[in-house]
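These notes concern the structure reproduced below.
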Amino acid sequence: MEEEILEKYKKAGKIASEVREASRKLLNVGVPLLDIAEKIEAMIREKGGEPAFPANLSLNDIAAHYTPVKKDETRIPEGAILKVDLGVHMDGYVADTAYTVSFSDDYAGLVDASKSALENILELCTPGRKLADISAKIQETIEGAGYKPVSNLTGHGLQQYFLHADPHVPNVRFSSDYTLSEGQAIAIEPFATEGEGRIKETEPALIYMMLAGKPVRNPDARLIMQFASRFNGLPFAERWIPIESTFKIRMAVRELKEKGVLYGYPPLKEVSKGMVSQAEHTVIVADEPIVTTK
Ligand code: MN
Ligand code: MN
């Protein structure tokens, strides 16, 4: 990897890690998720970065991809478990990191399971390492702690302005000869659950990504397409769209999805309503792996 690019990954990682640690103080029972998301995104900008995607604040059995809507009134409920997933980019080079906080003693073990799984594999991110060995280790750690890994959520490669690039990094054993290469940027994100270990998509999507520009006539759709294009293919929040009415946004977004202009990331829920924990770091593969978000 070129030195200049590595520096951007490291800068993004430093900001992501500082904001992640600062965000812990915002989390208390009764605090609105909207305030937390807006503060996280503002802190990223204050530190000279840009959000690589909206702050994801996923409660309880929602594993990922919930971000507050405009005027969202959801507050952290008593006894909740909350996943905070945030991203920073510098010129499209992304740092992706997440942690879980529990507001009940019941979930301490669950939070620890995904965290230990992540910690156990960071040192394995070396050139020539079989990806399948990393996945097996994640599964082993989570099952060893008495929980299930979420089998249909994966970590992923990172490329400039491309969040979910190859290779995908499963959290369960799989068969593949794929090996990691020097300088590759990957996000590792073990998810553990008390449930069955699978997630399903729910409606509506609150996070979007632009796929391609197409001719559109509806003025709202055209405005949204223009707005979406500034993210260069990185995800953005419905909440960020500069149209006041969510109803109008959703009408226009439906058209843009049908035309293949936008892709929606729906919130992902555990199929058996099991509580879910997540931990994530971004790593540059090297003999001494560089954890940019440490
Ligand atoms: Mn993430
Ligand atoms: Mn990720």
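The values are calculated or read from the model by the stated rules, or taken from the named source; none is laboratory data. A quick note: this is a predicted structure, and the numbers were derived from the prediction, not measured. Because the Cβ atoms are built from the backbone with ideal geometry, glycine has one as well, and the counts that use them run over all protein chains shown.
Structure data summary
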quantity: Output for the stretch 109-165, where each listed residue is in a helix (DSSP H, G or I), away from ligand 1 (no atom under 16 Å from the Cβ) and of a type in the set (Gly, Ala, Ser); calculated: GLY109, ALA113, SER116, ALA132, SER135, ALA136, GLY144
quantity: Selection status of PRO204, crowded, with 24+ Cβ neighbours inside 10 Å and either in contact with an Asp or Glu (Cβ under 8 Å, 6 or more places away or on another chain) or under 30 Å from ARG45 (Cβ atoms) (or both); calculated: no
quantity: Restricting the stretch 166-175 to residues that are farther than 26 Å from ASP106 by Cα and of a type outside the set (A, V, I, L, M), the residue that is nearest to ligand 1 (Cβ to nearest atom); calculated: HIS168
quantity: Criterion violated by PHE162 - all others in (1) in the same structural domain as LEU59 (by TED's automatic domain parsing); (2) more than 22 Å from ILE121 (Cβ to Cβ); (3) in contact with a strand residue (DSSP E or B) (Cβ under 8 Å, 6 or more places away or on another chain) satisfied; calculated: (3)
quantity: Residue check for ILE138: within 16 Å of ligand 2 (Cβ to nearest atom), in contact with a Pro (Cβ under 8 Å, 6 or more places away or on another chain) and among the hydrophobic types (A, V, I, L, M, F, W, C); calculated: yes
quantity: Close pairs from the stretch 1-27: first free of Cβ contacts under 8 Å to residues at least 60 places away in the same chain and assigned by TED's automatic domain parsing to the domain that holds TYR93, partner of a type in the set (Asp, Glu) and surrounded by 13 or more Cβ atoms within 10 Å (Cβ to Cβ), Cβ under 9 Å, at least 6 apart; calculated: LEU26/ASP35
quantity: Where THR193 falls short, out of the listed (1) surrounded by fewer than 23 Cβ atoms within 10 Å (Cβ to Cβ); (2) hydroxyl-bearing (Ser, Thr, Tyr); (3) touching a residue at least 60 places away in the same chain (Cβ under 8 Å); calculated: (1)
quantity: Residue that is nearest to GLY183 (Cα to Cα) [pool: residues in the stretch 94-108 that are outside any helix (DSSP H, G or I) and more than 16 Å from ligand 1 (Cβ to nearest atom)]; calculated: SER102
quantity: Whichever residue in the stretch 155-170 is buried (at least 21 other Cβ atoms within 10 Å of the Cβ) and free of Cβ contacts under 8 Å to residues at least 60 places away in the same chain and, among such residues, is nearest to ligand 2 (Cβ to nearest atom); calculated: VAL169
quantity: Elements of type strands (runs of 3 or more DSSP E) contained in the stretch 182-294, each with 2 or more residues being away from ligand 1 (no atom under 16 Å from the Cβ) and closer than 28 Å to TYR147 by Cα; calculated: 199-201, 268-270
